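Participant: Please read through the structure below; I'll follow up with questions.
The values are calculated or read from the model by the stated rules, or taken from the named source; none is laboratory data. Predicted model only: the values in this text are computed from it and were never measured. Methodologically, a virtual Cβ is constructed for each residue, glycine included, from the backbone with ideal geometry; neighbour enumeration extends over all protein chains shown.
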Amino acid sequence: MALGGERKAGHRRPALRRGIGLGNITSDGFPELIAVDNHLGSAYRVHTLDISIGLPLTGWPVAQTNWPEGLPTIVDVNNDGFQGVCFVTNGGELFALSGDGSVIAGYPKMMSGPSISGVSAGDIDGDGFYELVAATWDGFVYAWDTDGSVAADRCDWPMRGVMPETLASIVEREAPA
Ligand SMILES: [Ca+2]
Ligand SMILES: [Ca+2]
Ligand SMILES: [Ca+2]
């Protein structure tokens with residue numbers, strides 16, 4: 001699997017140690033794997049891998065100024081029918097990227113300090129729209145409204161507690177030949 005880049009002596013293993021997300025951010029019927037990558041002393045990136053062809057989507061990986069941290073969450077925050085890639089950074093940002101790698105309008109959201117929590121998505125106030133939730137090192141928990149409507153037939157994907165190796169084996173088994 002090419003996702004996550006090469007491993008260099010003295011560097012932490014990038015990307016997959018922080019977990020990966022799974023979602024169809026292009027709505028072509030085939031899911032992408034999404035991972036954040038924060039090499040020490042190197043580029044900070046967010047990756048996608050289209051598992052139908054085994055290649056990154058056009059426009060990816062997306063470079064970041066700050067370290068992307070925590071697990072990415074894949075959810076349609078602007079209700080255009082396409083899932084977006086949501087993640088936090090050690091610069092106190094919460095980003096939402098569209099399938100072409102561009103930043104979705106209204107993002108990033110800013111927090112008071114670095115965040116390594118990852119992002120959770122859920123309808124925490126029961127209004128039928130997702131909220132995004134993240135926490136900071138300095139002890140705050142943030143929640144933002146989104147325009148993404150919650151529906152029974154949707155399958156947004158906040159990955160939690162799944163070992164990357166386990167998911168990789170599932171994807172390998174299920175991917176089209
Ligand atoms: Ca896709
Ligand atoms: Ca969207
Ligand atoms: Ca809500």
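Participant: Say whether the condition of being among the charged types (D, E, K, R) and within 16 Å of ligand 3 (Cβ to nearest atom) is met by at least one residue in region 60-73.
Facilitator: no
Participant: Just to verify a result, which residue in region 122-134, among those that are farther than 13 Å from K109 by Cβ and under 17 Å from the mean Cα position of the chain (by Cα), is farthest from ligand 2 (Cβ to nearest atom)?
Facilitator: Residue satisfying both the conditions and the ranking: G122.
Participant: Can you pull out the residues in region 111-142 that are of a type in the set (S, T, N, Q) and either in contact with a helix residue (DSSP H, G or I) (Cβ under 7 Å, 6 or more places away or on another chain) or within 21 Å of V36 (Cα to Cα) (or both)?
Facilitator: Answer for region 111-142, where residues must be of a type in the set (S, T, N, Q) and either in contact with a helix residue (DSSP H, G or I) (Cβ under 7 Å, 6 or more places away or on another chain) or within 21 Å of V36 (Cα to Cα) (or both): S115, S117, S120, T136.
Participant: Taking the stated definitions as given, is P114 more than 13 Å from ligand 2 (Cβ to nearest atom) and in a strand (DSSP E or B)?
Facilitator: no
Participant: Follow-up. Determine whether Y107 is over 16 Å from A35 (Cα atoms), without any contact (Cβ under 8 Å) to a residue 60 or more places away in the chain and not in a loop (DSSP other than H, G, I, E, B).
Facilitator: no
Participant: Let me ask something else about it. Out of the residues in region 74-93 meeting the condition of being within 16 Å of ligand 3 (Cβ to nearest atom) and crowded, with 23+ Cβ neighbours inside 10 Å, tell me which one is farthest from V150 (Cα to Cα).
Facilitator: Across region 74-93, the extreme among qualifying residues is C86.
Participant: Against the condition away from ligand 3 (no atom under 16 Å from the Cβ), modelled with pLDDT of 65 or more and more than 21 Å from V62 (Cα to Cα), how does S149 come out, does it pass?
Facilitator: It is false that S149 is away from ligand 3 (no atom under 16 Å from the Cβ), modelled with pLDDT of 65 or more and more than 21 Å from V62 (Cα to Cα).
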